[in-house]
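The values are calculated or read from the model by the stated rules, or taken from the named source; none is laboratory data. Not measured: the values here are computed from a predicted model. All Cβ positions, glycine included, derive from the backbone under ideal geometry; neighbour counts span all protein chains shown.
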Amino acid sequence: MRAIGLMSGTSADGIDAALVEISGTQADLQVTLLAGKTYPYLPKLRSQILEVCAGKAISMAEFAKLDEAIAREFARAALAIQKNRETADIIGSHGQTVYHRPRDGQTKLGYSLQLGRGDTIAHLTGLPTVSNFRAADLAAGGEGAPLVSRIDACLLSHPQYGSCVQNIGGIGNLTYLPPHDGHDAFEKVVGWDTGPGNSLLDLAVHHLSEGKQTYDRNGEWAARGMPHVDLVERWMQHPYFAQSPPKSTGRELFGWAFFQRCRADATAKNLSPADFLATLTELTAASIVYSYRQFLPQMPDRVLLCGGGSCNAYLRHRLQVRLGEIDLLTTDEVGLNSQFKEAIAFAVLAYWRTIGIPGNLPSVTGANQAVLLGDLSRLAT
Ligand SMILES: Nc1ncnc2c1ncn2[C@@H]1O[C@H](COP(=O)(O)OP(=O)(O)OP(=O)(O)O)[C@@H](O)[C@H]1O
Ligand SMILES: [Mg+2]
């Protein structure tokens with residue numbers, strides 16, 4: 001099957017589109033990336049999304065407009081990625097998360113809202129579209145995230161090596177894959193959101209550059225500074241880091257409000273802009289490695305990075321320092337495109353939805369069962 005995966009994560013930087021050819025089911029799953037491209041949001045739409053994520057109140061009419069605008073951009077990305085190519089059979093669209101509430105003692109059920117409705121995308125593209133992937137896992141008592149772990153297990157498990165597949169988007173998430181002997185690729189797979197990835201860094205760069213830059217390209221700015229160890233320790237006191245998995249998070253915890261707190265701390269310590277960025281980068285590195293030491297049954301033999309943060313050389317350096325002897329690679333080095341891996345995953349989840357294979361891994365999301373993920377929208381032909 002030829003499928004398009006569409007993803008815009010917590011960075012809200014743009015829509016990652018992946019056109020893939022998929023065959024097999026799970027252990028024999030094969031995915032070939034035919035094309036991958038990021039379609040950045042226009043700055044106005046991006047700021048509207050970020051404002052809503054930061055808690056801005058909007059009317060239902062504004063909400064509807066935003067939802068439609070996002071669906072249109074997703075449909076445009078799907079049409080663009082398959083231009084001059086054979087048409088795809090299906091679209092898997094994650095949509096744009098604007099709100100994520102994990103389970104807690106009170107709510108019991110989590111809630112997660114992605115904008116960009118599947119029906120609109122199906123209508124504008126003429127292709128069956130699977131969307132709203134998180135709802136079924138949430139209804140089964142899961143976190144609704146991370147949802148890529150079953151795919152990671154199918155594509156990246158290794159007979160000898162234990163691997164951490166670490167995505168660094170706005171938020172970081174990991175799938176731990178123990179060495180597997182070919183029996184059950186999902187046994188003992190665990191995963192969770194590690195905390196901030198690029199979200200705080202991007203906010204800081206936007207602020208420090210007075211809106212001229214949106215991210216720290218290759219980590220060059222942060223690399224000119226020094227992390228402030230005491231502040232990293234202070235920020236690591238945030239209760240999310242000590243919370244046991246299954247767990248998930250979003251910009252609600254590590255977005256605008258947390259950034260304001262970091263900025264106030266940095267100002268009180270007289271940190272230079274470069275030192276501030278180095279300290280925020282260190283928080284990302286520290287929170288990732290801390291969660292491995294705290295919650296994994298054993299440290300991995302290798303860490304496979306993906307997502308935009310894997311392009312940040314300074315962050316990679318700081319991760320390597322904290323990981324010591326453990327190999328730090330990108331998923332590209334084991335044959336899976338690191339920049340489009342999450343988009344590829346939603347193409348696979350759409351494919352699984354149509355052939356009746358559950359998409360979530362209860363050992364990762366905490367759901368009480370494996371369930372089919374996503375709502376299928378299709379046009380009557
Ligand atoms: N060359 C680079 N150097 C440093 N950081 C980069 C580079 N390229 C991308 N990034 C960072 O990666 C972010 C985008 O990453 P990505 O698209 O993987 O995250 P996301 O949209 O939150 O998606 P997801 O939720 O799927 O992880 C950018 O906002 C930026 O901070
Ligand atoms: Mg992105």
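Overview of results
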read-out: Among residues of the range 1-46, those that are acidic (Asp, Glu), away from ligand 1 (no atom under 16 Å from the Cβ) and surrounded by 18 or more Cβ atoms within 10 Å (Cβ to Cβ), counted; value: 0
read-out: Identity of the residue in the range 210-224, part of a helix (DSSP H, G or I) and near ligand 1 (Cβ under 6 Å from one of its atoms), that ends up nearest to Ser11 (Cα to Cα); value: Arg217
read-out: Some residue of the range 288-302 being crowded, with 17+ Cβ neighbours inside 10 Å and closer than 30 Å to Glu210 by Cα; value: yes
read-out: Matching residues, the range 334-381, being aliphatic (A, V, I, L, M) and under 14 Å from Ile4 (Cβ atoms); value: Ala343, Ile344, Ala345, Ala347, Val348, Leu349, Ala350
read-out: Residues satisfying the stated conditions in the range 358-373, i.e. small (Gly, Ala, Ser) and over 17 Å from the mean Cα position of the chain (by Cα); value: Ser363, Gly366, Ala367, Ala370
read-out: Residues satisfying the stated conditions in the range 324-357, i.e. under 17 Å from His94 (Cβ atoms) and more than 15 Å from the chain's Cα centre (by Cα); value: Val348, Ala350, Tyr351, Trp352, Arg353, Thr354
read-out: Neighbours by Cβ (under 8 Å, 6+ apart or cross-chain): first from the range 131-144, assigned by TED's automatic domain parsing to the domain that holds Ser8 and on the phi > 0 side of the Ramachandran plot; second in a loop (DSSP other than H, G, I, E, B) and of a type in the set (Lys, Arg); value: Gly141/Arg103; Gly141/Lys108
read-out: Qualifying residue in the range 238-248 (condition: away from ligand 1 (no atom under 15 Å from the Cβ), among the polar types (S, T, N, Q) and without any contact (Cβ under 8 Å) to a residue 12 or more places away in the chain); value: yes
read-out: Counted residues, the range 326-346 - those being part of a helix (DSSP H, G or I) and either in contact with a Cys (Cβ under 7 Å, 6 or more places away or on another chain) or more than 10 Å from ligand 1 (Cβ to nearest atom) (or both); value: 6
read-out: Test result for Asp104, on the phi < 0 side of the Ramachandran plot, assigned by TED's automatic domain parsing to the domain that holds Ala17 and in contact with a Pro (Cβ under 9 Å, 6 or more places away or on another chain); value: no
read-out: Looking only at the range 308-325, and only at residues there that are surrounded by 21 or more Cβ atoms within 10 Å (Cβ to Cβ) and among the polar types (S, T, N, Q), the one that is farthest from ligand 1 (Cβ to nearest atom); value: Ser310
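Results for (1) at pLDDT below 95; (2) within 18 Å of Asp16 (Cα to Cα); (3) touching a Cys at 6+ places or on another chain (Cβ under 7 Å), shown as yes or no for each residue.
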{"residue": "Ile91", "(1), (2), (3)": "no, yes, no"}
{"residue": "Gly95", "(1), (2), (3)": "no, yes, no"}
{"residue": "Val98", "(1), (2), (3)": "no, yes, yes"}
{"residue": "Gly105", "(1), (2), (3)": "yes, no, no"}
{"residue": "Gly110", "(1), (2), (3)": "no, no, no"}
{"residue": "Gly118", "(1), (2), (3)": "no, yes, no"}
{"residue": "His123", "(1), (2), (3)": "no, no, no"}
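So that you can scan it fast, the table gives a plain yes or no per residue for (1) away from ligand 2 (no atom under 16 Å from the Cβ); (2) without any contact (Cβ under 8 Å) to a residue 60 or more places away in the chain; (3) not in a helix (DSSP H, G or I):
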| position | (1), (2), (3) |
| --- | --- |
| Val165 | yes, no, yes |
| Glu187 | yes, yes, yes |
| His206 | no, yes, no |
| Met226 | yes, yes, yes |
| Leu231 | yes, yes, no |
